[in-house]
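Structure first, then comments.
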Amino acid sequence: MSFDVASIRPSKPGTFTPPNFPLSSDDAYAPTAGLFTADFPLIHYIEFAYKIWLTREQRDSILVHLPKRVATENFG
């Protein structure tokens with residue numbers, strides 16, 4: 001699978017949209033008719049897009065250099 005364009009927006013506070021596609025580092029696939037929905041912090045999308053599975057230490061090492069919202073605010 002590849003992505004030509006991805007658009008994310010901040011989620012409405014206090015709401016959660018469950019993903020309609022597994023966000024994992026494996027090659028799992030579920031048809032979504034072109035619309036992927038989820039509600040997670042940006043770090044999860046980065047892991048998914050690059051197919052990496054970070055340990056807690058690796059994630060913390062990356063996040064220390066990024067704005068706090070990358071790990072705390074949900075986007076969908």
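The values are calculated or read from the model by the stated rules, or taken from the named source; none is laboratory data. Please read these numbers as outputs of a predicted model, since none were measured by experiment. Every residue, glycine as well, gets a Cβ built from its backbone with ideal geometry; the counts of neighbours run over all protein chains shown.
Here I46 fulfils each of the conditions (1) under 10 Å from the mean Cα position of the chain (by Cα); (2) more than 14 Å from S11 (Cβ to Cβ); (3) part of a loop (DSSP other than H, G, I, E, B) apart from (3). Among the conditions (1) loosely packed, with under 11 Cβ neighbours inside 10 Å; (2) more than 17 Å from A6 (Cα to Cα), the only one that Q58 does not satisfy is (1).
Among the residues of the stretch 52-69, is there at least one that is touching a residue at least 12 places away in the same chain (Cβ under 8 Å) and under 11 Å from the mean Cα position of the chain (by Cα)? Within the stretch 52-69, not a single residue is touching a residue at least 12 places away in the same chain (Cβ under 8 Å) and under 11 Å from the mean Cα position of the chain (by Cα). Of all positions in the stretch 4-27, at least one carries a residue that is of a type in the set (S, T, Y), at pLDDT 85 or above and surrounded by 12 or more Cβ atoms within 10 Å (Cβ to Cβ).
Checking the structure you have, find out if any residue of the stretch 11-27 is in contact with a Gly (Cβ under 6 Å, 6 or more places away or on another chain) and in contact (Cβ under 8 Å) with a residue 12 or more places away in the chain. Yes, the stretch 11-27 contains at least one residue that is in contact with a Gly (Cβ under 6 Å, 6 or more places away or on another chain) and in contact (Cβ under 8 Å) with a residue 12 or more places away in the chain. Considering only residues in the stretch 28-47 that are touching a Ser or Thr at 6+ places or on another chain (Cβ under 7 Å) and not β-branched (V, I, T), the one that is modelled with the lowest pLDDT turns out to be A38. Does N74 fit the bill of being under 19 Å from V5 (Cβ atoms), surrounded by 12 or more Cβ atoms within 10 Å (Cβ to Cβ) and polar (S, T, N, Q)? Answer is no for this residue. The set of residues from the stretch 49-76 being assigned to a helix (DSSP H, G or I), more than 18 Å from G14 (Cα to Cα) and of a type in the set (D, E, K, R) comprises R56, E57, R59, D60.
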